[in-house]
Amino acid sequence: MQDYQIVDLYWERDERAIKESEANYGKYCRSISINLLNNQEDAEECVNDTWLSAWNSIPPNRPTALSAFFGRIVRNLSISRFRANRAGKRYDGITVMLSELDDCVPSTVSVSETMENGQITQVIESWLNLQSKDDRALFIRRYWHGEAVVSLAKESNVTQNQMAQRMLRLRQSLKKALEKEEISL
Amino acid sequence: MNSENIYDAITNINDDFIVEIKDSKGKKAHWRILLVAAIITMLAAGTALATWFLRAPDEAAMQDPVLAAYLSLEGTVIINESIDDGDYRVTLLGIAQGDAIISLNIPDMPLIEPDSTYVITAVQKLDGSDMPLLTDSIFDRRFYAVAGIRGISPWEYLLSYGTMTVVTEGVYIMLTICDDLEPFADRGAYIVVSHEISFTGDAIIYDEITGEVKANEEYDGISVVFALPLDSSKADPERAEEIMQGWSRLPAEISIEIDKNMIDADGRFMFPSVDELAALPVDEARAKMAAVSILGSEWGYYLMQSPLEDFELMADHIMACTVVDGNIR
């Protein structure tokens, strides 16, 4: 079933929407949440909550790309779970990712506080458009899908260390882009 | 600003970035994938052809002069090998050569490519009940048959580029159009029957070391792999190489006219229903299906949901197409 047909089911308040979402995107959402939380049980709950959240938001929304729509929901639910439980549970995937993303935080702290999340997104989008297709794919697979560096390295036939270096260069490049934007604010 | 702000900002990046990655992940785009027809269906000669194969083992059917003529065609192989999966029996019925089929001069013959090989597969229910007709709304999960070459990554090359589908005598039958298979006889070829329109890592597992393809047992649905029996004496490595080189050459231009009546009020492409297609003259149905085969491709799914003006933005992804007056050219 295609995306627009699934969306139509949500609009018709037809519960097959959930079944089709699970059939078409369950594996995809589960992989994102497991990458982030490293916890099967919590990831499963996040995926189930994703369908509920979709049910509550379609309508009025009419997403055109369900991969991005569901992926975004499951990312948000996963980090919410991390924020709620971080004192009591270890979520290695997201912890490591956030630690890496620290490299992107501009060092000009006083100015950086003024940048809104929407503006940060715009800078990231502009920066992504300047990257090669391969680098763009690597960045999104690592920091959107949460795929591990080791698996990205394996797929690219490079060592884990080489891939980590490449990711570091990308983060440093993004940091420069964010700093440049802050100066212009 | 901290890393969690950046995480949140990344979460909200434009859908296009996410779609681009999901689309390219795990497989390489290949123009042949774009040409895999979604469904070409209900063409009378296709039904007859399929029925002949289906009845081939029946001795009474052998008395049928048309069937007898068909079975005598050069290159026709009746196989009848079955594999049960879940509630279904999947059968590799046979293989026929395009030029031999054309020589039969069947009235209302569907478009048959002379240099192509046609692989016929069937799906039926193990409990003996009929498969639903393609027009039945309960038929929400179709079957597809896709062919590949042993030892070559299925993500890169497809041997098949279209499937005619009919439901006849309660059996779901697919005629899969492939490149001439015989030159590949020394390598070996296979066909996968699953719910996937092209090869995906969901339905099959490809072993890069041995070059073997097998059904993914964890796949949620039917997935069956048949080795295609080919006469090794007909292997022609030079011709095979020529065919493979041809795959990597993009056509200089592809011209597809989209009937404006197929665009809804929101500017979305509307797939024609089986009933609509069946009511059309063969040529018109074929032209309409040509548009569907492009729009039904992976890029097509996005195009289908896009307003017409977005077609131009996508055009460079669809070979050399441009949009003129609402038509993809």
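Quick notes
- Among A:103, A:49, A:134: highest mean-square fluctuation, GNM of chain A, C-alpha pairs under 10 Å: A:134
- Label-to-label distance, nm, for residues given as residue A:102 and residue A:130 (7 Å Cα→Cβ offset): 2.6 nm
- Span per principal axis, largest first, for the Cα atoms of chain A (Å): 50, 38, 37
- Efficiency of FRET between residue B:142 and residue B:81 - r from beta-carbon atoms, R0 22 angstrom, step 0.05: 0.50
- Two numbers describe the Cα atoms of region A:71-158: Rg and Dmax, which are 14.8, 42 Å.
- Anisotropy class of region A:26-88 from Cα gyration tensor, a/c 1.5 cut: prolate
- Residue-wise HN-Hα couplings along region A:163-170, as the Karplus relation 6.51 cos²θ - 1.76 cosθ + 1.60 with θ = phi - 60° gives them from phi, are 5, 4, 5, 5, 5, 4, 4, 5 Hz; Gly and Pro carry x.
- Measuring against 26 Å, Cα to Cα, the residue pairs A:133/A:154; B:125/B:214; A:133/A:180; A:19/B:125; A:89/A:175 contain A:89/A:175 as the ones spanning a longer distance.
Read the figures in this text as sums done on the coordinates, not as results from a lab. Predicted model, so just to flag it, every value in this text is computed and none were measured. No Cβ is skipped: glycine too gets one built from the backbone with ideal geometry, and neighbour counts run over all protein chains shown.
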